1. Within the range 88-144, which residues are in a helix (DSSP H, G or I) and of a type in the set (A, V, I, L, M)?
2. Any idea which residue in the range 47-59 is surrounded by the fewest Cβ atoms within 10 Å (Cβ to Cβ), counting only those that are modelled with pLDDT of 75 or more and closer than 13 Å to P32 by Cβ?
3. Which condition number does I87 fail, the rest of (1) in contact with a Ser or Thr (Cβ under 7 Å, 6 or more places away or on another chain); (2) surrounded by 16 or more Cβ atoms within 10 Å (Cβ to Cβ) being met?
4. Between a first residue in the range 1-22 that is in contact (Cβ under 8 Å) with a residue 60 or more places away in the chain and a second residue that is of a type in the set (V, I, T) and buried (at least 16 other Cβ atoms within 10 Å of the Cβ), which pairs have beta carbons less than 6 Å apart while being 6 or more apart in sequence or on different chains?
5. If I ask for residues that are open to solvent by less than 60 Å² (accessible area, probe 1.4 Å) and of a type outside the set (D, E, K, R), which ones from the range 103-112 would you list?
Amino acid sequence: MGASIDLTLDSTDAQVLATFWKTALGYVDEPPPAPFATRAEWLAQFDLPEDDVADDGAWLCDPDGIGPRLSILNVPEPKTAKNRLHIDIRVPGHGGPDERWARIRAESERLVKAGGSVQEIVDGHHVVMADPEGNEFCVAAASA
């Protein structure tokens with residue numbers, strides 16, 4: 001059996017990015033680990049600086065339990081270079097190339113309204129985008 005993965009994004013505003021990625025992926029806030037009732041309670045078990053609070057991070061999960069968990073953590077420095085790893089959002093559905101491309105374009109337009117930006121359009125294949133903090137990702141069709 002292969003290992004599972006979680007993805008972590010560094011951020012300057014974890015709550016803004018969490019809102020964007022919940023919209024983009026259909027994810028929800030992940031509940032704190034048992035037996036903790038809140039993230040703040042969970043974080044209190046660690047020896048963290050006093051100014052390190054639960055709002056400095058966000059933990060998201062796929063409500064169906066299929067996709068990887070996504071952690072978003074505040075860091076003091078802004079993003080300064082291109083991602084070495086990025087997320088591909090695969091738009092589901094069947095049909096011919098024109099239908100798949102229409103779904104990709106519709107999804108990229110939806111994500112622009114949610115705060116993303118289009119970086120490049122590879123006509124008929126995928127759209128390179130960035131989240132509100134400039135983290136690159138692609139929107140493409142899912143496998144048939």
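The values are calculated or read from the model by the stated rules, or taken from the named source; none is laboratory data. What you are looking at is a predicted structure, and each value in this text was computed from that prediction instead of being measured. Quick reminder, even Gly has a Cβ in these numbers, built from the backbone with ideal geometry, and neighbours come from all protein chains shown. Note: areas computed on protein heavy atoms with side chains; ligands, DNA, RNA excluded. Shrake-Rupley method; radii C 1.70, N 1.55, O 1.52, S 1.80 Å.
1. Here is the first cut: in the range 88-144, the ones in a helix (DSSP H, G or I) are 97-113.
Listed by number, the residues that qualify are A102, I104, A106, L111, V112.
2. Looking only at the range 47-59, we keep the residues that are modelled with pLDDT of 75 or more, and these are 56-59.
Then drop every residue that is not closer than 13 Å to P32 by Cβ, which leaves 57-59.
Numbers: G57: 18, A58: 26, W59: 22.
The selected residue is G57.
3. Of (1) in contact with a Ser or Thr (Cβ under 7 Å, 6 or more places away or on another chain); (2) surrounded by 16 or more Cβ atoms within 10 Å (Cβ to Cβ), only one is false for I87: (1).
4. Close Cβ pairs (under 6 Å, with a partner that is of a type in the set (V, I, T) and buried (at least 16 other Cβ atoms within 10 Å of the Cβ)) amount to L9/I72; S11/I72; A14/I72; L17/I72.
5. Of the residues in the range 103-112, the ones open to solvent by less than 60 Å² (accessible area, probe 1.4 Å) are 104, 106-108, 111.
Of everything in the range 103-112, those that are open to solvent by less than 60 Å² (accessible area, probe 1.4 Å) and of a type outside the set (D, E, K, R) turn out to be I104, A106, S108, L111.
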